[in-house]
Each structure stands twice: as structure tokens, then as C-alpha cells.
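One structure below.
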Amino acid sequence: MAFDGITIANIIKDLNDSLLGGRIYKIAQPESDELLLTIKANGGQKRLFISAGASLPLIYLTDSNKQSPLTAPGFCMLLRKHIQNGRIISVTQPGLERIVEIGIEHLNELGDLCTKKLIVEIMGKHSNIIFANDENMIIDSIKHISGMVSSVREVLPGRPYFIPETMDKADPLTASEEDFTLQIGKKSMPVYKAIYSSYTGFSPTISHELCYLAKIDGDYPVASLSPESMHNLYTEFSALICAVKNGNFSPNIVYENKTPAEFASVPLTMYGERHTVPCPSISFVLEEYYAQKNAVTRIRQKSVDLRKIVQTALERNIKKYDLQIRQMEDTEKREKYKVYGELLNTYGYGVAPGAKSMTALNYYTNEEIIIPLDPTLTASENAKKYFEKYNKLKRTLEALSELTLEVKAEIDHLESISAALDIALMEADLVQIKEELIESGYVRRKGGTKKEKVTSKPFHYVSSDGFHIYVGKNNYQNEEITFKLASGNDWWFHAKGIPGSHVIVKSGGAKLPDRTFEEASRLAAHYSKAKGQDKVEIDYTEKKNIKKPNGGKPGFVVYYTNYSMVIDSDISSLQPVSE
């Protein structure tokens, strides 16, 4: 989701409601591109977090504190000198630009009342925090941008501050229907793209939402719009701008399978069936959304090494398996050599010395076959040679039959670990996976390092009918819930022939309703390599039918009595229980 001008407008409203008239009590710079301002206002103490990070620029109110370096950076010291104890007199946004301008009134060294500006530009990799005086001259900035870096604008002390006009976009706050029709109509591109490329403050998501409200396919070209469709589009556009002007915002997060997918300051009705959660403020939205996104990113980063180990081992075993299968295919000709040897022993007395072939009746099929011969050998010696080939291929087949089963089991095991890495949500979830890789010989335990304490627990859900459902996050947890947590009459679920989690429904001796079977099956589909598919085949049976073979890999089980159902992997109607 883009941090668009409408989101900034919502932030401006919240900051005016919370911070206007407040005094800046503390100024900290936790990271090189971050500020944390503590402000005492009428509503109590507030913290304003500002980040100009290239990958994640943000500004929002928060209750959280961040540890600061022992020695404050120069930009932080400059702000403390000028505006610590200063009073916030304005928070504004030029047009619908992604810019927040905070006006601050303070006393200078002579005791005279002065005004300064803290300007926050939320513009992706071009984001910055700029400190300027009341004449828009830059005093300093958290990032210095010289003429060698940007030909559009220098951001350096002593330079004038201005908003760069790098794109030909109009101000939506002043757009009439005639202007709107002209701006959109001249674009030769999809409708949704024409909206956000014509007006400041609009993201692709909001543009798609406007098209949805106007009952227009946003991916259709502008040229396909009728005058009526264009009028309907402007009506929705105008209603949105009116809501922004009046401060009528509805912050919300759209979840997809419990993962935040989008956020906005206005309702996103186009995600009808997805899980849309209204939130108390845009600051709450931003903190919650990016905290969860960051958690997923952090786990991905933490699991990179483990993923690389698993992927390398998988590729090596798959190559080995493919080679073994090709070798097994080569052994299919062994029976032919056996027949050649037998026929030569039976009819070879009539073969002339130096013959290169022999035609004989194959008494197994009653058909004549031609047997190639080595002319330097006798019929008996040729028969012996064919029997040797037969026996060699037979021994190869016997060895490969066992080896391919072992390699296939190892591939299945590694794919199950890969599936567990996809499921991991916290660092604690990686501990057992790493331990399994250590015990399997893929990771070496560092000398003197003790086995890490396991704090990760299986997922716990409660079905719509009140039955407790448990989902293993990895192979060790799969075994735990199947063979320790579950009793004989509890029900066991797993995606058929696909790496994934064991799912256990505690029946308590009661008969499960169909809805619980379906919900447990959806969990088994979701927590498998088939996640996201509309049709996943799930096997389910009573736990008493599940056995673990001797010497089997962790999480590997067998069963011979089961039922099956085909179902989707959407679990948006289920929420995990907080442990």
C-alpha cells in the first residue's frame, strides 16, 4: 500500500487534534534517518515518530519509545538548540502532497519570539526531514542532497526550500468536473492509472476503489468510458475529496489470511469478502500494519540461512533422485538379456562360427526374435555374456530400489522443513526447525553450544462449533500433537501427498459436525504447500489409525484407513487463540 496524500491528510487531522498548542519536551534521533519527538499537550504526553528511511518512510503518533544513541547526532543537537520547549502552532499539508509541515514557535537566544518549520517529506527513497526558518530557508536536514545527487533541488543549509514539481499533476482539492473530465480524458492508459497519474495524493489502491464505486473496470482504457461513466467516476472522486476536506476518515486494515494486505484512511469496499478491520486512528493503522509487515520481513531475513541450507540439500537430492530413476529405467532391459541367454543355450548349437546374429523362436511369446552376437565369441560365451549383463542390471535394480526410496524420503523430509519455514511467524518458531536440521546432519552444532530452549507452540484454533483444533508448525510439533496431544478418537487431517502441517481436532468423544470437518480441512490446506489454492484434497481419519514407521523421519506417518474431501485454503473466518 502506498503512503499516499490522503493518508497524510488523515495524519494531519490527527496531529492537529492531538498536538496543536503542545510543547516539544524531548527530541531524540534513534537512527540516522529517524526522529522521536515527545510532546506535552492538553491530552497528556504524546510521542511523534518520524522516519525518512528510503524503504519505509513513516510519520505517526505512538506510545512506544526507542532507545537513543549515547551521543546525539548533529541534526538532533541542532533541533534541541532551536525548538526544544517550542510550541507547535500549526500542522499543515500543501494540497494533497505527501508532505507534513509542522510550525513551531520558540524563543531565540535574545528572548525574541521566532517561528521555524519542521518539514517531513514522505516520498519513498527521496524522503527527508528538513528544518527551515519562517522564510523557507533551509537550516539543516536529516539527509543532505547536493546538486550532484539531484538536478531538481538541493537540500543543503542556506538553500531555499521549495516543493519540487517533477510530475505534471493537478491539485484534486480544486478540481471541477470539467477539469476532471479533461485531465482523465486526455490519458491513453487504464482508468485507474489515469486517476493517480493526473492528481496528487492518489495511490493505485484508492484509484481502483474509485473505479469500483463507480462500477467501472479500472483496467479498461480511458477511451472506453462513456460520458455517463465519466460522470459517475467524478461523482465518487468528488465525494472522496469532500470527505478529505471535512476530515471524515475511516482508518482500516484489510487482512488476507491473517496477514495485513492493505490499509487506507477511507473504506476499501472492493475487498468485500476479505477481513477488513476498522481502527481507532491512522497512527494505530500505520504502527500495526508495518509492525506486522516488519515481523514477516524480519523472520524471512532470520530464516535466509536455513532456507539456503534446505534449498541446497533439496536440489542435490532431487538431482540424485532423477539420476537414480534414469538408471532404473536402464535396468528395464535386463529381462531381454536373460531371454537372449536362455535362447542361446537352447538353440545356440546351430549357430555358425563368426555369426553376427541368430534368429530364434521366443518360447515365452511364440514370436521370432533376432539376437545380436559377438562374432568373436561362441554361442555359449555369448549366452554367458548376456547372463552377466542380466545379473548386473538385476543387482543395480535391487540396490536402486532401496536407494530411491531413501532419497525420496529425504526429499519429502526437506520439503516438509521448507513448508515449516513458510509457516514460521516468530524467531522462536525457527528454533525447532534449526534443531531438526542439526539432528539431520545439515547444520553443525557449534562447539559448546547448548540446545536452544523451545518456546514455540502449535497454532490453537477453536472451531465455530466449539471444538479445539491444533496445528503443528514443524515436524516436531506435528509429532507432538499427533502422538502426545491427540487421543484415539480425536480426528487427524493432512493435505494429501503435499508437505504440510498435521491438524488435530479434539473431539472429546463427541461426534464432529460437518462444519468442524470443513474448518479443520481448510486449516490443513492453508498450512501446506497448497496454500492459496481453491481446491486441495485433504485426507482425514481418527488418530488411532495413524502410525509412525520404525526409523521414519520426524513428522512422517502412515495410515491405511481414511476419508477425503476437496476444499479451499481460506481460513479468514478462523482466528487463532491467544495463548
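Key figures
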| quantity | calculated |
| --- | --- |
| Any hit, the range 422-444, residues being of a type in the set (V, I, T) and under 24 Å from M328 (Cβ atoms) | no |
| Hey, T174 over 30 Å from D570 (Cα atoms) and in contact (Cβ under 8 Å) with a residue 60 or more places away in the chain or not | no |
| Residue list for the range 445-460, restricted to those being closer than 24 Å to F556 by Cβ and either surrounded by fewer than 18 Cβ atoms within 10 Å (Cβ to Cβ) or at pLDDT 95 or above (or both) | R445, K451, E452, V454, K457, H460 |
| Checklist (1) in contact (Cβ under 8 Å) with a residue 40 or more places away in the chain; (2) assigned to a loop (DSSP other than H, G, I, E, B) applied to L523, failing item | (2) |
| Single residue of the range 471-499 satisfying the filter (in contact with a His (Cβ under 7 Å, 6 or more places away or on another chain) and closer than 19 Å to N562 by Cα) that is surrounded by the most Cβ atoms within 10 Å (Cβ to Cβ) | H494 |
| Tally, over the range 64-93, of residues that are of a type in the set (D, E, K, R) and closer than 9 Å to A28 by Cβ | 1 |
| Filtered residue count, the range 511-520, keeping only those that are in contact (Cβ under 8 Å) with a residue 12 or more places away in the chain and not in a helix (DSSP H, G or I) | 2 |
| Residue that is outside the structural domain of A495 (by TED's automatic domain parsing), within 26 Å of K320 (Cα to Cα) and more than 30 Å from the chain's Cα centre (by Cα), where the choices are E415, E435, E398 | E398 |
| Odd one out for K13, checked against (1) touching a Phe, Trp or Tyr at 6+ places or on another chain (Cβ under 7 Å); (2) in a strand (DSSP E or B); (3) surrounded by fewer than 21 Cβ atoms within 10 Å (Cβ to Cβ) | (2) |
| Residue count for the range 127-156, restricted to those that are in contact (Cβ under 8 Å) with a residue 40 or more places away in the chain and either among the small types (G, A, S) or not in a strand (DSSP E or B) (or both) | 4 |
| Unmet requirement for S487, which otherwise passes all of (1) hydroxyl-bearing (S, T, Y); (2) touching a Lys or Arg at 6+ places or on another chain (Cβ under 8 Å); (3) modelled with pLDDT of 95 or more | (3) |
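The values are calculated or read from the model by the stated rules, or taken from the named source; none is laboratory data. Note that the coordinates shown come from a computational prediction; the quantities given were computed from them, not determined experimentally. Every residue, glycine as well, gets a Cβ built from its backbone with ideal geometry; the counts of neighbours run over all protein chains shown.
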